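Data first, discussion second: the structure below is written as structure tokens.
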Amino acid sequence: AAGVSVGVYFTRTEILETAPVDLKLRTLVMPAVLKRFELEAESSRIEVDFLWDEPGKELLSPILDSGAIQFNDGSLRIGQLSRTLSDLNATVDRETSERAIRAGIGKVLPALAGLPATWHECIVAFSADNLPVVGPIADRPGLHVFSGLSNPLTIVPALAERFANWAGGEEDRAIELLSPDRFC
């Protein structure tokens, strides 16, 4: 919408969230091979890049990576269904998504499939080369990007510190390698 292209794409990710439950899940449960990474790779290929600029496009069929995690308060997050839609404001059929997530987790952890839960969605940014996109936007002085972090919990703290130091004048080869200019 702002006329800036920096090589960042996104998935619309959907999960179910429960209130605290008595059931105890003592580990993170997720597939060994995530379909989301394949979805990201296929939807950011140069051959389909132009579709991201056309409203109302679903670039690929949604995928389901069935898994769950329990938080300290006993609540669960169950998911995850991921979509590549060209419109950030697109709507999806929540009921259909919820049924798909429940059916998927039911195959792995049947006790979770019927728990009362609320459907949620969020946007997850990624880049075509699976690396974050960090740095100045060449034709927009003073404008920087810090995005494309499809696994933010593992990388944001360290990368944010490096970026802040770089923005303060410290040289950092990693920040230079993550520049949005690499896609030009």
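The values are calculated or read from the model by the stated rules, or taken from the named source; none is laboratory data. Given the structure is predicted, the values throughout are model-derived calculations rather than measurements. With ideal geometry, Cβ positions are generated from the backbone for all residues, glycine too; neighbour counts draw on all protein chains shown.
So which of ASP129, ASP139 ends up being without any contact (Cβ under 8 Å) to a residue 12 or more places away in the chain and under 24 Å from SER86 (Cβ atoms)? Spell out the reasoning first.
Details: ASP129 fails: without any contact (Cβ under 8 Å) to a residue 12 or more places away in the chain.
Result: ASP139 is the single residue among ASP129, ASP139 that is without any contact (Cβ under 8 Å) to a residue 12 or more places away in the chain and under 24 Å from SER86 (Cβ atoms).
Search segment 55-108 for residues being free of Cβ contacts under 8 Å to residues at least 60 places away in the same chain and among the hydroxyl-bearing types (Ser, Thr, Tyr), and hand back the single one that is farthest from LEU28 (Cα to Cα).
Looking at residues that are free of Cβ contacts under 8 Å to residues at least 60 places away in the same chain and among the hydroxyl-bearing types (Ser, Thr, Tyr), I get SER86.
Just name the residue that is farthest from TYR9 (Cα to Cα) out of those in segment 50-103 that are part of a loop (DSSP other than H, G, I, E, B) and polar (S, T, N, Q). Break it down into steps so the answer makes sense when it comes.
Residues of segment 50-103 that are part of a loop (DSSP other than H, G, I, E, B), as a first pass: 54-57, 71-75, 86-93.
Filter once more, so that each one left must be polar (S, T, N, Q): 72, 75, 86, 89, 91.
On the way: ASN72: 32, SER75: 30, SER86: 9, ASN89: 14, THR91: 18 Å.
This residue is ASN72.
Could you list, in sequence order, all residues of segment 108-134 that are of a type outside the set (A, V, I, L, M, F, W, C) and touching a strand residue (DSSP E or B) at 6+ places or on another chain (Cβ under 6 Å)? Give the derivation first.
The first filter runs over segment 108-134 and keeps only residues of a type outside the set (A, V, I, L, M, F, W, C), leaving 110, 114, 116, 118, 120-121, 127, 129-130, 132.
Those that are of a type outside the set (A, V, I, L, M, F, W, C) and touching a strand residue (DSSP E or B) at 6+ places or on another chain (Cβ under 6 Å): THR118, HIS120, GLU121, SER127.
For residues that are farther than 12 Å from PRO132 by Cα, within 23 Å of the chain's Cα centre (by Cα) and surrounded by 15 or more Cβ atoms within 10 Å (Cβ to Cβ), tally how many sit in segment 161-182.
1
Which residue, of ILE63, ILE105, ILE15, is crowded, with 17+ Cβ neighbours inside 10 Å, in contact with a Ser or Thr (Cβ under 6 Å, 6 or more places away or on another chain) and farther than 28 Å from PRO180 by Cα?
Details: ILE63 fails: farther than 28 Å from PRO180 by Cα; ILE15 fails: in contact with a Ser or Thr (Cβ under 6 Å, 6 or more places away or on another chain).
Checking each option against the conditions leaves just ILE105.
Checking GLU42 against (1) touching a Leu at 6+ places or on another chain (Cβ under 9 Å); (2) farther than 21 Å from ILE101 by Cα; (3) touching a residue at least 40 places away in the same chain (Cβ under 8 Å): exactly one of these is not met. Which one?
(3)
Among (1) in contact (Cβ under 8 Å) with a residue 24 or more places away in the chain; (2) within 23 Å of LEU178 (Cβ to Cβ); (3) exposed (fewer than 13 other Cβ atoms within 10 Å of the Cβ), which single condition is ALA2 missing?
In the conditions (1) in contact (Cβ under 8 Å) with a residue 24 or more places away in the chain; (2) within 23 Å of LEU178 (Cβ to Cβ); (3) exposed (fewer than 13 other Cβ atoms within 10 Å of the Cβ), ALA2 misses (1) alone.
Please enumerate the residues belonging to segment 87-99 that are small (Gly, Ala, Ser) and surrounded by fewer than 18 Cβ atoms within 10 Å (Cβ to Cβ). Before the answer, list the steps.
Taking segment 87-99 first, the residues small (Gly, Ala, Ser) are 90, 97.
The one that is small (Gly, Ala, Ser) and surrounded by fewer than 18 Cβ atoms within 10 Å (Cβ to Cβ): ALA90.
What is the residue count in segment 149-168 for residues that are closer than 17 Å to THR13 by Cβ, in contact with a strand residue (DSSP E or B) (Cβ under 7 Å, 6 or more places away or on another chain) and modelled with pLDDT of 85 or more?
Within segment 149-168, residues that are closer than 17 Å to THR13 by Cβ, in contact with a strand residue (DSSP E or B) (Cβ under 7 Å, 6 or more places away or on another chain) and modelled with pLDDT of 85 or more number 1.
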